[in-house]
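Below is one structure, written out as structure tokens; the observations come after it.
Values quoted throughout were computed directly from the atomic coordinates according to the rules given, and no laboratory measurement underlies them. Given the structure is predicted, the values throughout are model-derived calculations rather than measurements. Heads up, the Cβs are rebuilt from the backbone with ideal geometry, glycines too, and the neighbour counts pull from every protein chain shown.
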Amino acid sequence: MDHHAIPGTTRDFLALIEIAMDAREFSAHWAQCDFVATYLARMISHNRGDSTLYSNLFSSAVNELLEIAYRIHKRTGMVTCKVSRSGDIDRVEIRIPCIPENGQFLLEAAARLGRPDSESRYLEALTSEIGTDPDIGLLELTQDYGAAVSISADDELITMTVDLRIDGPVG
């Protein structure tokens, strides 16, 4: 089953929730990534067949994105996270103020996601004693969740858009 929706999609997404955080406040505590991901997951999973399972899986995926944002953001500006839905696909869009070098890293990481060696790079990073691939979070989303990932840059603002289809019946 194809889990990707971004390329060539004509789907209409209905906005479910959006939050905005001052970058300085967002970066004050690493645990904020988990708090925000858990909150978003609880808000959007109420109508899923197994809302607890859905909430846990969605929270884990969004936490990966927020941790990427946490690592690359500038300390000024706003970090925004918007969740939209079209049928069984949830779209997470995170806008992050960052320096151009960090934006370039994310653009390059996104370009590597489609390479034939993505799965082997992911498995190698998981079992490596040396450390992890710097873009393991994006690899995890595509390999474990079948997510479609799109990243764009505009001056000092990065937008990560991720379409997730977490299997399970819609209530």
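Which of the three applies to region 66-145, rounded, prolate or oblate, going by the alpha-carbon gyration tensor with a ≥ b ≥ c and a/c under 1.5 meaning rounded? Don't skip to the end; give the middle numbers.
Values: a/c = 2.10, a/b = 1.24, b/c = 1.70.
Since a/c reaches 1.5 but b/c is at least a/b, the shape of region 66-145 is classed as oblate.
If the segment from Arg24 to Asn56 were pulled out straight at 0.36 nm per residue, it would be longer than the present Cα-Cα gap by 8.8 nm. Ranking Thr161, Cys81, Ser118 by Cα position along the charge dipole of region 14-164, where only Lys, Arg, Asp and Glu carry charges on their C-beta atoms, puts Cys81 farthest toward the positive end. When only the Cβ of Lys, Arg, Asp and Glu is charged (+1, +1, -1, -1), the dipole of the chain relative to its Cα centre reaches about 460 debye.
Report, in deg cm²/dmol and to the nearest 500, the calculated mean residue ellipticity at 222 nm for the chain, where each DSSP H run with n ≥ 4 adds -39500 (n - 2.57) and the sum is divided by the residue count.
About -13000 deg cm²/dmol.
Close amide H partners of Ala147, meaning residues 5 or more places away or on another chain with modelled amide H under 5 Å apart, are Thr142.
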